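The values are calculated or read from the model by the stated rules, or taken from the named source; none is laboratory data. Quick caveat, the model's predicted, so the values are computed rather than measured. Neighbour counts run over all protein chains shown; Cβ positions are idealised from the backbone, glycine included. Each accessible area value is taken on the protein alone, full model and side chains, heavy atoms only, with ligands, DNA and RNA left out. Shrake-Rupley method; radii C 1.70, N 1.55, O 1.52, S 1.80 Å.
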Amino acid sequence: LMELNREHFAALERVLPAERVYFDEAELVEFAGDKWGRGDLADVLVRPRSTEEVSLVLGWASSHGVAVTTRGSGWGYVGGAMVRRGGILLSLDRMNGIREISGNDFVAVVEAGVVTGELQRAVRARGLFYPPDPASAEHCSIGGNVATNAGGPRCLKYGVTRQYVLGLEVVLADGRILELGGRSHKNVTGFDLLGLFVGSEGMLGVVTGATLKLLPYPAARLGVAAVFADLAGAARAVQAIFEAGLLPCACEIADEFTYRVFQRMNGEAETGGAHLLVEVDGSVAGTLAEIREVEAVLLGAGALSLRMALDEAGVEALWATRRQFSLALTASRAVKLNEDVVVPRGKLVELVRFAGELGKRYGVDIACFGHAGDGNIHVNLLLDSGEGAEAILDELFRQVLAWGGAITGEHGIGMAKARWWREAVSAEVDEVHRTVKGALDPLGILNPGKWL
Ligand SMILES: Cc1cc2nc3c(=O)[nH]c(=O)nc-3n(C[C@H](O)[C@H](O)[C@H](O)COP(=O)(O)OP(=O)(O)OC[C@H]3O[C@@H](n4cnc5c(N)ncnc54)[C@H](O)[C@@H]3O)c2cc1C
């Protein structure tokens, strides 16, 4: 890729309106990196307002061989939006409009920079539902969610972002604009190119717009929080829920360590035990019957205490508690490395046990919580500094892969997990990734220096 000076980039101001192009260090710093790290500074920050402007930027970058790193909100957890090779940082934050919400077609048509939580509220006001619910929803963008195929607690019942992408507007590396899919809820014309771009971490094209599938907003949401003697007991209770033929929309688990840190932070009496949150949603009568069944299953599985939430406000209060687990861990130590490994459901208890042993062996605290129903557990390394973490993660990831799991279930590879990419996939899978990348971005200008 070309090394260019400020004069070269100034040419961008002739391609775009000048107020889209920023050279000031303060702005370059403000937009640098994500929640994993800051990385290098770009040579220039560009904040386009339309797909056509994105196309002009990429066309210009292609013809000059300049690197382009795309950024949504910078709330990623793996350094995906970090700049590695200078060039252009392309922020989609100003393309944040909701173009349409259609109750007839059950779709929302949005620009990529729209904040996920804002979209959720806008569709909710129309009685509609956009289920994907990353915990970062108040900050992250739909474009970022598409680029990382984001998930969240509700994935258990509703699936991940990919299941809601009906159409995409993508600008290719050379500036061509690609319209994929549309507003039909089914479409199998040709290869699943939508799927190819979902989860592509800004390396195959820039998503500028999306048509998303919506559902009717559930008439009722109920929940229950339970405390079990230990995490194995809570995990067995999740299994018992499924065995009873029930599919809650979320089953969130937290180990004894996490729950204790949370109680301590809030000045609550330390009860000990592991925490399980279950939410059900659907019709008014159906959810009432279902939550009673869940209650019976939890008691039968040895729950020590239960807190029932029989209306939406109550469920939100349970979630407010659950959301504090991560914050409490963050506040408890200088460094928290949040890994989002996923294992086959049946390996859940073994994963948590393994993480505990790993922590003992290395003399570090490791806290586990997350999406029990999906086998997707956030394994948090709590450290005084980041030093020595790689050896622990080597062991963790190797074991997860040996169980048939994956090193990332939600956050992606980015920079944080680049080191483990070749262990996580076969030589053939790596080669096909490179072939696809080479076909769509032959100059390698999109998000260079990451895991491929
Ligand atoms: C506290 C916290 C909680 C989180 N909880 C969850 C969770 O529950 N579930 C989950 O899945 N993730 C979670 N995340 C991770 C993160 O929020 C998601 O990965 C989210 O999708 C990132 O969106 P963003 O707009 O911030 O993307 P960014 O961080 O800006 O970018 C992420 C990646 O996507 C690419 N990208 C961004 N926009 C585009 C675009 N328009 N076109 C092409 N490529 C693009 C970037 O190049 C980068 O590789 C959490 C993060 C934090 C900090």
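Only one residue in Thr271, Thr258 is touching a strand residue (DSSP E or B) at 6+ places or on another chain (Cβ under 7 Å), open to solvent by 80 Å² or more (accessible area, probe 1.4 Å) and of a type in the set (Ser, Thr, Tyr), so which one is that? Result of the check over Thr271, Thr258: Thr271.
Looking at the stretch 180-289, what strands (runs of 3 or more DSSP E) fall wholly within it and have at least 2 residues that are over 20 Å from the mean Cα position of the chain (by Cα)? It would help to see each step written out before you state the result.
On the way: elements: 206-213, 220-228, 250-254, 274-282.
In the stretch 180-289, 220-228, 274-282 are the strands (runs of 3 or more DSSP E) which contain 2 or more residues that are over 20 Å from the mean Cα position of the chain (by Cα).
Applying a threshold of 6 Å to beta carbon distances and a minimum spacing of six or more residues, or different chains, the list of pairs starting in the stretch 54-74 at a residue that is over 18 Å from Ser200 (Cβ atoms) and ending at one that is of a type in the set (Lys, Arg) and open to solvent by 20 Å² or more (accessible area, probe 1.4 Å) is empty. Out of the residues in the stretch 136-194 meeting the condition of being in contact with a His (Cβ under 7 Å, 6 or more places away or on another chain) and not hydrophobic (A, V, I, L, M, F, W, C), tell me which one is surrounded by the most Cβ atoms within 10 Å (Cβ to Cβ). Ranking the qualifying residues of the stretch 136-194, first place goes to Thr148.
Within the stretch 432-452, being surrounded by fewer than 17 Cβ atoms within 10 Å (Cβ to Cβ) and more than 25 Å from the chain's Cα centre (by Cα) holds for Thr435, Gly438, Ala439, Pro442.
Of everything listed in (1) open to solvent by less than 10 Å² (accessible area, probe 1.4 Å); (2) modelled with pLDDT of 95 or more; (3) closer than 21 Å to Gly152 by Cα; (4) hydrophobic (A, V, I, L, M, F, W, C), the single unmet condition for Ala317 is (1).
The residues of the stretch 41-55 that are open to solvent by less than 30 Å² (accessible area, probe 1.4 Å) and either in contact with a Gly (Cβ under 9 Å, 6 or more places away or on another chain) or basic (Lys, Arg) (or both), listed by number, are Ala42, Val44, Thr51, Val54, Ser55. Of the residues making up the stretch 115-137, those that are without any contact (Cβ under 8 Å) to a residue 24 or more places away in the chain, within 16 Å of the ligand (Cβ to nearest atom) and part of a loop (DSSP other than H, G, I, E, B) are Asp133, Ala137. Is one or more of the residues making up the stretch 106-124 at pLDDT below 95, surrounded by fewer than 19 Cβ atoms within 10 Å (Cβ to Cβ) and farther than 23 Å from Ser50 by Cβ? Checked the stretch 106-124: no residue is at pLDDT below 95, surrounded by fewer than 19 Cβ atoms within 10 Å (Cβ to Cβ) and farther than 23 Å from Ser50 by Cβ. I'd like the full set of residues that are assigned to a loop (DSSP other than H, G, I, E, B) and within 8 Å of the ligand (Cβ to nearest atom), limited to the stretch 138-161. Selection gives His139, Cys140, Asn149, Ala150, Gly151, Gly152, Pro153, Val160.
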